[in-house]
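Enquirer: Take this structure first; my questions come after.
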Number of protein chains: 2
Amino acid sequence: MKDGSALDWYVEGPGRRVGYEDSTAIDWIFEYTKERQRLRVLYSSSTGVLGYVRQFLDASQIWILLILTGLASGLFAAAIDVVSVWLGDIKTGYCSNGPDGGQFYLNRHFCCFGYDELSQCQDWVSWSRAVHITSAGGKWFIEYFFFLLFSVLFGVTASLLVKEYALYAKHSGIPEIKTILGGFVIRRFMGTWTLVIKSLGLCLAVASGMWLGKEGPLVHVACCCANLFMKLFGSINGNEARKREVLSAAAAAGISVAFGSPIGGVLFSLEQLSYYFPDKTMWQSFVCAMTAAVALQAFDPFRSGNLVLYQVTYSTGWHDFELIPFAMLGIFGGIYGGLFIKMNMKVAQWKKAAPWLPTPIVQVVFVALLTALVNYPNMYMRAQSSALVYSLFAECSEVLDDQFGLCKMGAASGGTIVLLLFAALVGFFLASITFGLQIPAGIILPSMAIGALFGRAVGIIMEIWVHNHPKFFAFQNCEPDIPCVTPGTYAIIGAAAALGGVTRMTVSIVVIMFELTGALTYVLPIMIAVMVSKWVGDAFGKRGIYESWIQFNEYPFLDNSDETPIPDIPVSQIMTRIEDLVVLTATGHTIESLVNVLATHPYRGFPVVSDPREAVLLGYISRAELQYNLHSSTQGPRSLPPETEAFFSHQPLADPRTTLDLRPWMDQTPITLPSRASLLLTANYFQKLGLRYVLFSDRGVLQGLLTKEDVWYVLNGAEETRRTNANDGTELPSGLTREGADGEERGLLNGNEGEDLTPIQGDSDIPIL
Amino acid sequence: MKDGSALDWYVEGPGRRVGYEDSTAIDWIFEYTKERQRLRVLYSSSTGVLGYVRQFLDASQIWILLILTGLASGLFAAAIDVVSVWLGDIKTGYCSNGPDGGQFYLNRHFCCFGYDELSQCQDWVSWSRAVHITSAGGKWFIEYFFFLLFSVLFGVTASLLVKEYALYAKHSGIPEIKTILGGFVIRRFMGTWTLVIKSLGLCLAVASGMWLGKEGPLVHVACCCANLFMKLFGSINGNEARKREVLSAAAAAGISVAFGSPIGGVLFSLEQLSYYFPDKTMWQSFVCAMTAAVALQAFDPFRSGNLVLYQVTYSTGWHDFELIPFAMLGIFGGIYGGLFIKMNMKVAQWKKAAPWLPTPIVQVVFVALLTALVNYPNMYMRAQSSALVYSLFAECSEVLDDQFGLCKMGAASGGTIVLLLFAALVGFFLASITFGLQIPAGIILPSMAIGALFGRAVGIIMEIWVHNHPKFFAFQNCEPDIPCVTPGTYAIIGAAAALGGVTRMTVSIVVIMFELTGALTYVLPIMIAVMVSKWVGDAFGKRGIYESWIQFNEYPFLDNSDETPIPDIPVSQIMTRIEDLVVLTATGHTIESLVNVLATHPYRGFPVVSDPREAVLLGYISRAELQYNLHSSTQGPRSLPPETEAFFSHQPLADPRTTLDLRPWMDQTPITLPSRASLLLTANYFQKLGLRYVLFSDRGVLQGLLTKEDVWYVLNGAEETRRTNANDGTELPSGLTREGADGEERGLLNGNEGEDLTPIQGDSDIPIL
């Protein structure tokens, strides 16, 4: 039996000849069964040396794909780093083709390479010098003007690119990736155009100086790379489950290059994204993440050997008394996270409910202008967030270029504390209106910056306290000659806590911070702060920022964590009862009548029963399968007339040439539960087995049906809304498109033409055909 | 409704009032449902401030337990480190109560603290000096004699302790822990006595100098600690699923203290042990592993600040040409692993099949004596493995006390290479007869030592080659003045590869090595070597050493990796058909007849059907439940006579005071599949949903039954054996005790009195009662 022969239809199992439609759930068990069957054919058909070579080539495909993905992720990350730094510097001036080798394509750092004092560097031409302004006030004004101009220009270009070429490139992409890895199909979300626009847009958005990060979007970029290379490998591209394994590895590579933290990336992928994966995925993720980190190291975008700007090392340890301020940073992180999510969601809901708002592009202009206006006068906010985070994290003895004056004499003063706290507060407001704009934008770096600003302020307070009261009983263990408190460590712990509060991740944050600092010393305080932060954050609401956006966008993501509250009700209360289902009978249909059923009912599949009175369940046929087979049997060689009899059960007297036997395309062992089963058990079936639908039958008689989407509605408390909609008698498309009016937020899925798997309204005239 | 009231029987759900018997499978879904119900009662019953306090206390229990477990694991690891080093030194002499403060309880290092040359240290009295021998030959002989004496003494004491007090303390314990975490009950495996004996025995076994390690057994020790503390927390101890979550965290703590690698421990637990766990387990493991590492650091057993003896740092990088020898080390590691598993299993099978072999204790004496005889003359093998591994790993510039002469002038010679390779070979043979003896013994450290010996040899070869042919084209990138090749890095890569070959782990090994060396530099070569090693090892056989022992011991561990080959057959071919099942009818039974059924049939549960002709499935009642209820209804307040009618269906006319309604104790929605379902789908049910048994029914009529053990037999190819046994007409107890004759290897489960859940033989006289 060879691949691609007609027999495969039978081999492949029932009802899945046609791929998944957009925004439908995939069937994990079926996909993995398909893969097992493919391997069985491969291993039984290929023997001898050539056979071994074929098997080897087949097994090595995944590794080639992972390495390619890792290399591409490293390359894209390096390019984005370089371009965004260059664009960011353009806001202050440009590199003239000077005698020292200056070239327009150099950023400020490389343009002035070799100068100790940046002010002595003549190759770098500030905009005030370019327009020949010399007075101090004029200089300030001109530079402010160009700063504003470029910030808005970059922001609006990013937004225009997204609007014109790839709407999927907006936001961070993590909620969507989470949904896709959870087993849903969102077509074109990871296409080539998305990759190009997201990368370009990311450079511009970061350079615009808005309060956003590139860390989350890099995950999307890495997944786009994986999706692109996947097309080269048919056996992986043809299996939705294996595709998701590769995407989960690519996500690890994204975080790996974002933080220079391969292990952190693997754990991020496991903790935040993975859904239904076997153990081997961990190793695949690790290889992909490691390749990406090595590639980034080889490109060395910062020419410093560091993978990220804010990598630091600490030479001092911490003292027991510091655990109290560290835990307080945890509390702050939790409060920040909780408030940020609430505020960001409020902004999103308000925008959704306000039709009089200007277009998304004008919104970007407004936020970019506001941010630039506020940023420029504040020393800490004028530079890029990553440079700020580095300065906040760093130990003073390690800092060469004290850009923010955090290490100069007298920095440990009330004035600095007020400035830091003010910057944190302003950052909080700006970040909460920025995350959700129509540009590529992540929330990880802004959260880290806000946490680091607050943490550094607390660190300076501690420093002053220890300095003024060296005899206080808690400070007994401080050695007299060396600094007792390192404010930089408070910044990194504050950043970890804030990140924990916003994303509700735990292990991966600690590991990322561990890899950023490279020492076990600070793992314990970071762990305590992240733990406290998660507890405090959970008191505000169980959902992290990504889950909140999933819920806001009504993505059909069925959370499989065991903390999801599941009502204690029998499933018979919520299933779609047989009276409300459109079911097919095994006999009595013609091609024409089935075509009519398809035309009348939008549902994605139909249960098949023996006859209307008994309703003994025989199987389930999907809409796509039925459509394809009806169409192909009336065309081409067979050319059956519309009045041909079509049946779903054994008909001993039927002539196979003049009738249509649809049994091979029907799933003859659909998964069933008794209707007395609890919702908890049913939800377990969906979560653990990765099903698309479950049929309910008592003693073989069909009682009802429940789809993954239905369970999602129930678990998300949207049951009431759904019933209301259904009773309107309006056709009920899938959860993704129900509220089609809001082109703004929902434009993401405009391409979706698919419809719901099941009937939910009860207004069907012919419940049993 | 209060906890512990009689009503709980009904609340708790059917059929699980009585706990699991020994060596039965647990029902994960039921356990998690029970936990959800417990929480629902807790959260609905407790309101107000006091309620919040109760909820907080309930939620914090798990964290207190994890922290206690972490602290205890750190303490035990430190104690085992200190005692085993002291005992190991006793083999060469003792610390006299000298003028410099020497005390008998000091090991050689601390006894001679302050001396640069150990030979100058007078407090340490070698045995030759103790018995006043001065001639060189006599000294050598006496010291050899005492070395042998103590080695055998330590070995035999460890073995005696294990035999007399806790047989479960033998071996590494990881296969058993894997089986337990996979959902099986092995009573007393983690009891207090096991903890005490395993810890003591481990010190003695390590000190005996045999080729074994303490890393694996430390996982068992940590799990014992967790099990001990768990008894303090009723809500956790009462739930088999939550118990397993804690044990999985404890296993992470075990590896964390074994290697000073908390993240490696978490990944080890995820990769090697975890089975059916929600995401939150990762964070719990992390907290437990981190606490353990911090506790170990606080105890600082080596007074060096390092958590393990063989922690190293490298100051140099690697060159591209070295990737070829690194990959060769990977090949070696895979071959070593494959051969080791084959050899070790052959030895175990041979021992099992040879009844004339001496008792386990004599075997230990023999191996200990042989090891000591071989070890003493070989410089590399005389010391403890951990000291050897440190010397092999270390960069020469870092080594202070060059115990093995690996850094002295002329060490890079053919002689050293031969000695190293010889030690590796001898170590291989000794380790393969040692792992499986009746003492606490792990395989991780010996594998690392063998890999490191081989790796160091390869490193020295490379060093000589570069030294002799500096102009060779591959060596162009070497800088002239500094050493181009660091043999220590070859040792660590060899160790990683050997460990990968034996255990088939990947991510966790790389992370453990990363944490041992503390730098990203060598992660890429280690990753490549581990990957190659796994590929080569898998060519010898898919099972790692732990899985091989699980199979050898016939533990009912149902592997849930998707690489398990599952035959493509319908489940109807292997299920126990209804004709061979002992089923109960809903009516027509009395208490006496049911007692008779229990007395006649050993099965662990009985399906309940409507009546013999129709066999419509009504539910399933477990043996334990039936037994308990029949017993309690004939005793105490009810005291029903034996002729009382007992039924499993609604009897409207029955008087509840004079009849026994067993419905509340029957599982009324047992999980069913159609008998046409494939074995693959059925196996998925067991693996993903964690079930104990599945019933098969077509249109409500019971067709057959399959238990987790049955599936295990089929997947392990033991189906044939089983059928043969069954046809003998012998009673068929569970897989764990079928071959009860081999008290040696199977003594582990001697306590098992439980019997199989299902009937497997077909010689039942009354198939339907």
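Taken together, the values in this text are just the output of simple stated rules run on the coordinates, not laboratory data. From a predicted model like this one, the values you see are computed outputs, not experimental measurements. Cβ atoms come from the backbone with ideal geometry, glycine included; neighbour counts cover every protein chain shown.
Enquirer: Excluding residue B:197 itself, calculate the net charge of residues whose Cβ lies under 11 Å from the Cβ of residue B:197, where each Lys or Arg counts +1 and each Asp or Glu counts -1.
Expert: Value of the local net charge: +2.
Enquirer: Set Lys and Arg Cβ to +1 and Asp and Glu Cβ to -1, take the dipole of region A:57-299 about its Cα centre, and tell me which of A:174, A:266, A:128 lies farthest positive.
Expert: A:174
Enquirer: When the Karplus curve 6.51 cos²θ - 1.76 cosθ + 1.60 is applied with θ = phi - 60°, which whole-Hz ³J(HN,Hα) does each residue of region A:626-634 get, with x for Gly and Pro?
Expert: 4, 4, 4, 6, 4, 5, 5, 6, 8
Enquirer: Let me ask something else. Explain nothing, just the number: relative contact order of chain B, from Cα pairs under 8 Å at least 6 residues apart, as a whole percent. Write down the numbers at each step before the final one.
Expert: Details: 1368 pairs, mean separation 117.3, N = 769.
Value for chain B: 15 percent.
Enquirer: On average over all directions, what projected area in square nanometres does the protein assembly as shown have, based on the convex hull of its Cα atoms?
Expert: Numbers: hull surface 257.5 nm².
Computed as one quarter of the Cα hull surface, the answer is 64.4 nm².
Enquirer: Which semi-axes, in whole Å and largest first, does the equivalent ellipsoid of region B:416-541 have when worked out from the alpha carbon gyration tensor as the square roots of 5 times its eigenvalues? Present the calculation step by step, with values, prior to reporting the outcome.
Expert: On the way: eigenvalues 161, 63, 32 Å².
Value: 28, 18, 13 Å, ordered largest first.
Enquirer: Here's another thing I want to ask about it. Looking at the P(r) of chain A, how many percent of alpha-carbon pairs lie beyond 46 Å? Mind showing how you got there, number by number?
Expert: On the way: 89393 of 295296 pairs.
So the portion of pairs separated by more than 46 Å is 30 percent.
Enquirer: How far apart, in nm, are the 7 Å Cα→Cβ label points at residue A:42 and residue A:573?
Expert: 4.8 nm
Enquirer: Cα-based Rg of region B:20-95 per 2.2 N^0.38 Å, rounded to two decimals?
Expert: On the way: Rg = 22.3 Å, N = 76, 2.2 N^0.38 = 11.4 Å.
Cα Rg divided by the expected 2.2 N^0.38 Å: 1.95.
Enquirer: Okay, which of region B:480-508 sit inside 17 Å, backbone N to the point 7 Å along the Cα-Cβ direction of residue B:397?
Expert: The answer is B:480-490.
Enquirer: Continuing with this model, one more query. Quick one: what are the phi-derived ³J(HN,Hα) couplings along region B:452-459, Karplus 6.51/-1.76/1.60 with θ = phi - 60°, whole Hz, x for glycine and proline?
Expert: 5, 4, 5, x, 4, 4, 4, x
Enquirer: Report the extension gain between residue B:369 and residue B:303 in nm, rounded to one decimal, defined as 0.36 nm multiplied by the number of residues separating them, less their alpha carbon distance. Present the calculation step by step, with values, prior to reporting the outcome.
Expert: Working: separation 66, 0.36 × 66 = 23.76 nm, distance 3.20 nm.
Once the chain is fully extended between residue B:369 and residue B:303, it gains 20.6 nm.
Enquirer: Using the Cα centre of region B:95-190 as the reference point, and only Cβ charges (+1 on K/R, -1 on D/E), how large is the resulting charge dipole? Debye, rounded to the nearest 20.
Expert: Working: 8 positive and 7 negative charges, 128 e Å.
Magnitude of the dipole: close to 620 debye.
Enquirer: Given H placed on each backbone N at 1.01 Å, which residues far from residue B:184 in sequence or on other chains put an amide H within less than 5 Å of it?
Expert: Distant-sequence amide H within range of residue B:184: B:26.
Enquirer: Follow-up question, since we're still on this one. Report the net charge of residues surrounding residue A:128, where surrounding means a beta-carbon distance below 12 angstrom and charges are Lys +1, Arg +1, Asp -1, Glu -1. Could the numbers behind the result be given before it?
Expert: Numbers: positive: A:129, A:139; negative: A:143.
Around residue A:128, the surrounding residues sum to +1.
Enquirer: Name the long-range amide H neighbours of residue B:673: under 5 Å, sequence gap of 5 or more, or other chain; modelled H, no Pro or chain starts.
Expert: So residue B:673 has HN proximity to B:695, B:696, B:697.
Enquirer: Could you give me the radius of gyration and the Dmax of region A:181-309, taking only the C-alpha atoms into account and expressing both in angstrom?
Expert: 14.6, 43
Enquirer: In the protein assembly as shown, what percentage of the DSSP-assigned beta bridges are antiparallel, given to the nearest 5?
Expert: Counting DSSP beta bridges with both partners in the protein assembly as shown, the antiparallel share is about 75 percent.
Enquirer: A further question on this structure: Treating only the Cβ atoms of Lys and Arg (+1) and Asp and Glu (-1) as charged, compute the dipole magnitude of the protein assembly as shown about its Cα centre; round to the nearest 20 debye.
Expert: 920 debye
Enquirer: If you put a point 7 Å past Cα along the Cβ direction, how far is that point for residue B:464 from the same point in each other copy, in nm, smallest first?
Expert: Spacings between copies for this position, smallest first, are 6.8 nm.
Enquirer: Through the Karplus equation 6.51 cos²θ - 1.76 cosθ + 1.60, θ set to phi - 60°, convert the phi angles of region A:155-172 into ³J(HN,Hα) values in whole Hz; use x for Gly and Pro.
Expert: x, 6, 5, 4, 5, 5, 4, 4, 5, 7, 10, 7, 5, 5, 6, 6, 6, 8
Enquirer: So for the pair residue A:635, residue A:698, with labels modelled 7 Å out along Cα→Cβ, what separation do we get in nm?
Expert: The modelled label-to-label distance comes out at 4.5 nm.
Enquirer: Working from Cα positions, state the angle (0 to 90°, nearest 10) between the long axis of helix A:280-299 and the longest principal axis of chain A.
Expert: 40 degrees
Enquirer: Please list, ordered by chain and number, the residues whose modelled amide H lies under 5 Å from the amide H of residue A:605; skip anything fewer than 5 residues away on the same chain.
Expert: Result for residue A:605 returns A:623.
Enquirer: Cα atoms only: what Rg and Dmax, in Å, come out for region A:110-186?
Expert: Gyration radius and largest Cα-Cα distance of region A:110-186: 20.9, 62 Å.
Enquirer: Measure off 7 Å from each Cα along the Cα-to-Cβ vector at residue B:362 and residue A:614, then give the distance between these two points in nanometres to one decimal.
Expert: In this crude label model, residue B:362 to residue A:614 measures out at 7.1 nm.
Enquirer: Along each of its three principal axes, how wide is the spread of alpha-carbon positions in region A:509-559, in whole angstrom units, largest first?
Expert: Reported extents, whole Å, longest axis first: 42, 22, 14.
Enquirer: For helix B:414-434, what angle does its Cα long axis make with the longest principal axis of chain B, in degrees from 0 to 90 and rounded to 10?
Expert: 20 degrees
Enquirer: Let me ask another. If I take R0 = 30 Å and measure r between the Cβ atoms of residue A:473 and residue B:56 in this structure, what FRET efficiency does the formula 1/(1 + (r/R0)^6) give, to the nearest 0.05? Before the final figure, lay out each step's value.
Expert: Working: r = 30 Å, r/R0 = 1.00.
Taking R0 as 30 Å, the efficiency between residue A:473 and residue B:56 is 0.50.
Enquirer: Give the Kirkwood hydrodynamic radius (Å, one decimal) of region A:538-690, defined as one over the mean of 1/r across all pairs of different Cα atoms. Present the calculation step by step, with values, prior to reporting the outcome.
Expert: Numbers: mean 1/r = 0.0543 Å⁻¹.
For region A:538-690, the Kirkwood estimate is 18.4 Å.
Enquirer: Once the label point is set 7 Å along the Cα-to-beta-carbon vector, what list of distances in nm do you get between residue B:58 and its counterparts in the other copies?
Expert: 5.2
Enquirer: Turning to a different aspect of this structure: How big, in percent, is the set of alpha carbon pairs in region B:281-353 lying more than 19 Å apart?
Expert: Details: 1831 of 2628 pairs.
For region B:281-353, the share of Cα pairs beyond 19 Å comes to 70 percent.
Enquirer: Considering only the other residues whose Cβ falls under 14 Å of the Cβ of residue A:476, what net charge follows from Lys and Arg at +1 and Asp and Glu at -1? Show your work: numbers first, answer last.
Expert: On the way: positive: A:471; negative: A:320, A:322, A:479.
Computed value for this residue: -2.
Enquirer: Sticking with this structure for a sec: Would you list which lysines come within 30 Å of residue B:163, measuring only between C-alpha atoms, while excluding same-chain residues fewer than 8 positions from it?
Expert: B:91, B:178, B:198, B:214, B:231, B:243, B:342, B:346, B:351, B:352
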